[in-house]
Amino acid sequence: MNVVECDVPRHSVLGNDLIEGADFRDAYRAPLSRSDLGIIEIFFAIFARRPGWMNLMLIARNKGAALAGLEVPTTSEIMNVEKRDHYSVGEKIGPWPIFFLGSDELVAGRDNKHMDFRLSVMKVHDGIGPSVVVSTLCMVHNKFGQYYLSCIIPFHKFGLQKLMTNALNAQRL
C-alpha cells in the first residue's frame, strides 16, 4: 500500500463541525509497518526530513508572508527541525504550535489573520491495518486568505504526499 487520499477521520479530535466547516480539507493515509512508533515519532518521520528544494520553497513563502504581516516560522525552524524528549499542548513541534496531543493523534497548526489551519497526524487502527492519516484543514478569514489558499493548495498536496512517500520508502513509518 502506498500513500492514498482519504477522508479526514471522523473520530479525529478536530471534530465534525470544524471538518465540515473548513474551507479546505484533505487527508492522506499511509501504512505503518512500524506500529510501535508513537505519534511524535510518526510526526518526525514524516516532517523532519524535507528535500532541499522544499525547504527553499518554504523559506521563500515565509519571507513573502512575513512582509504581508503574517506570523510565519523562522528560517531556523524550517532548516533545523529539533526533536525534544517531551512535548505539551501550547509548545511548538517543528514550526507549529500544538493544539492537541494524545497517544494516537497530534494536532498542530497556526492561527493567522488571513487563515487558520490545523494539521492532524493520527494513528489509525482499523480493518485495513495500522496506518497513519495526515489531515489538513484550512479556515479562511478574508479575500487574501482565499487567494493564498488557492495558490498554495497544489504545492501542499504534492508536498505532503512527497513527504509521506519519502518516509515510507525510507522505512521510517
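Quick note: the coordinates plus some simple rules give every number you see, no bench work behind them. All values reported here derive from a predicted model rather than from experimental measurement. For neighbour counting, all protein chains shown are included, and Cβ atoms are generated from backbone atoms with ideal geometry for every residue, glycine included.
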Exercise. Nearest 0.05, what FRET efficiency do K157 and A68 give at R0 = 25 Å with Cβ-Cβ as r?
Worked result: 0.65
For this session: Using Cα pairs closer than 8 Å and at least 6 residues apart in sequence, work out the relative contact order for the chain, in percent.
Result: 30
For this session: Could you tell me, in Å, what Rg and Dmax come out for the Cα atoms of the chain?
Result: 15.4, 47
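For every other residue with a beta carbon closer than 14 angstrom to the beta carbon of R49, add +1 if it is Lys or Arg and -1 if Asp or Glu, then tell me the sum.
Combined, the nearby Lys, Arg, Asp and Glu give +2.
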Exercise. Of the peptides 81-91, 160-170, 56-66, 40-50, how do they stack up when ordered by the mean number of other Cβ atoms within 10 Å, highest first?
Worked result: 40-50, 160-170, 56-66, 81-91
Exercise. What residues from the stretch 90-127 fall in the zone where the backbone N is under 15 Å from a label point 7 Å along the Cα-to-C-beta line of F144?
Worked result: 111-116
Exercise. Using 0.36 nm per residue, how much length does the chain from E77 to F100 gain when fully extended, once their Cα-Cα distance is taken away?
Worked result: 6.3 nm
